[in-house]
1. Among the complete DSSP H segments of the chain, which ones combine at least 20 Å of alpha-carbon extent along their axis with a mean Kyte-Doolittle hydropathy of 0.0 or more?
2. Calculate, for Leu85 and Thr148, the FRET efficiency according to 1/(1 + (r/R0)^6) with r their C-beta to C-beta distance and R0 30 Å; round to the nearest 0.05.
3. Please give the calculated 222 nm ellipticity per residue for the chain, where each DSSP H segment of at least 4 residues contributes -39500 (n - 2.57) and the sum is spread over every residue; nearest 500 deg cm²/dmol?
4. Answer with one residue from Trp144, Ser36, Ala96: the one whose Cα lies farthest towards the positive end of the charge dipole of region 2-170, charges on Cβ with Lys, Arg +1 and Asp, Glu -1.
5. Taking the number of other C-beta atoms within 10 Å as the exposure measure, put Val63, Val147, Val170, Val102 in order starting with the fewest.
6. How do Glu40, Glu137 rank when sorted from fewest to most other Cβ atoms within 10 Å of their own Cβ?
7. How large is the Kirkwood hydrodynamic radius of the chain, counting all unique pairs of alpha carbons, in Å?
8. Using alpha carbon centroids, what distance separates region 99-174 and region 57-94, in Å?
Amino acid sequence: MEIRVFRRHRWLPILGALIIGLLVGVIARLWMRWISTDPEFSWGGTMGIILGFGIFALAQALVYLFINPSRQRWSVALVRVFGALFSLQLFAAAGAIMFPMVLTGTLALWRQRWFTWLRVVFAAICIGWTLFVAKSEILDKFGWSLVTIGRVTLMLSLYAFIIRALKSTVGTRS
């Protein structure tokens, strides 16, 4: 039943990805407000964050729908470049500090044909960078408390979403 619906309405997964991306963008904006010691609010910044996540999720859905083992290698590479370019916008401004974590975490998790030792090195860098950012940007500002643990947990959840969404763009071709 599900497959027949998607064949008739191919835009449903794309619309779903866009909606999920926008919702995650709202959560990301609320989290950014929650971790700020000097919160500033602007509609432009808020819309940029929300739309940025929406565009990111939409691009990743398009990559997922396009990639097929029967396609030419060059066309898959081109689509993956598209997916990667539309993910870079998430790392503008304050998000830049998390780029090393997402890059190394994504490569460690999704490049499954790479040497295990290399993936372990990337995973170690990812974990180390994440601990550094959590300590310097959240724990040092707010101290230890249940609320601070919530802030760190939400940070990990948001970036886990990004890493999971990048599977088609970065993952090994099936």
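1. 11-35, 43-66, 73-88, 116-133, 146-165
2. Once the sixth-power term is evaluated, E becomes 0.30.
3. It lands at -24000 deg cm²/dmol.
4. Ala96
5. Least crowded to most crowded, the residues run Val147, Val170, Val102, Val63.
6. Ordered by Cβ neighbours within 10 Å, fewest first: Glu40, Glu137.
7. Kirkwood hydrodynamic radius for the chain: 17.4 Å.
8. Cα centroid of region 99-174 versus Cα centroid of region 57-94: 20 Å apart.
Quick note: the coordinates plus some simple rules give every number you see, no bench work behind them. Just so you know, these numbers come straight off a predicted model, no measurement behind them. Here Cβ is always computed from backbone atoms with ideal geometry, including for glycine, and neighbour counts include all displayed protein chains.
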